[in-house]
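Nothing in this text is a laboratory measurement; each read-out follows from the coordinates by a stated rule. Bear in mind the structure is a predicted one, so any value in this text is a computation, not a measurement. As a convention, Cβ positions derive from the backbone with ideal geometry for all residues, glycine included, and neighbour counts pool all protein chains shown.
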Amino acid sequence: MDGGETALADIVSRERRSWNMARIKGKDTSIEIKVRKYLFSHGFRYRKNVNYLPGKPDIVLPKYRTVIFVHGCFWHRHPGCKDATIPKTRTDFWQHKFDRNVYNDKKNKEKLIETGWRIITVWECEIEKRFEETMNRIETEIKNE
């Protein structure tokens with residue numbers, strides 16, 4: 001190893017790992033699309049990934065002054081979720097990355113609240129396991145101003 005690289009116990013090549021990681025989407029994920037389609041079909045109009053708002057919320061409902069964050073359990077550390085695991089290699093690197101994500105989420109939500117926005121967070125596992133129930137809850141939260 002040269003240049004301070006750390007040996008990783010990995011089953012794929014470095015190039016393949018890079019290729020895989022480059023394809024992890026930050027927006028327009030399948031669960032975001034599923035949530036947006038439901039909202040649109042139930043009469044809600046929204047904007048997506050509004051970059052002038054803190055945290056660039058996934059869904060913005062201006063009429064209701066509400067934003068929705070559709071969080072992946074792994075990346076945003078869903079408390080108590082089995083999908084919020086830590087990789088077995090380079091754990092310090094991953095823990096720092098996760099801590100930074102959670103800190104940024106908290107900071108951005110505080111800024112949104114300070115400026116009068118309501119926040120709804122929906123988790124990937126909720127969408128995958130209890131879609132109708134989760135969407136009914138979100139719809140109720142949106143309408144209860």
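By its C-alpha gyration tensor, with a ≥ b ≥ c as the square roots of the eigenvalues, how is region 68-128 shaped: rounded for a/c under 1.5, else prolate for a/b larger than b/c, else oblate?
Here region 68-128 falls in the oblate category.
Treat each spin label as a single point 7 Å out from the Cα along the C-beta direction, and report the Thr115 to Phe93 distance in nm.
Using points 7 Å along Cα→Cβ, the separation is 3.4 nm.
What is the list of residues in region 113-145 whose amide nitrogen lies under 16 Å from a point 7 angstrom out from the Cα of Ser41, following Cα to Cβ?
127-139
Please say if region 31-132 is rounded, prolate or oblate, where rounded means a/c under 1.5 for a ≥ b ≥ c the square roots of the C-alpha gyration tensor eigenvalues, and otherwise the choice is prolate for a/b larger than b/c and oblate otherwise? Each step should come with its number before you reach the end.
Working: a/c = 2.67, a/b = 1.44, b/c = 1.86.
The shape class here is oblate.
Lysines within cross-link reach of Lys63: Cα-Cα under 25 Å, excluding same-chain residues under 8 positions apart?
Lys27, Lys34, Lys37, Lys48, Lys106, Lys107, Lys109, Lys111, Lys143
I need to check one value: relative contact order of region 45-108, counting alpha carbon pairs closer than 8 Å and at least 6 residues apart, in percent. Can you show the working numbers first?
Details: 64 pairs, mean separation 14.2, N = 64.
Reported relative contact order: 22 percent.
How many percent of the alpha carbon pairs in region 102-145 exceed a separation of 17 Å?
Across region 102-145, Cα pairs with separations above 17 Å total 45 percent.
Just report the Cα centroid separation between region 106-138 and region 42-87, whole Å.
Each part's Cα centre sits 6 Å from the other's.
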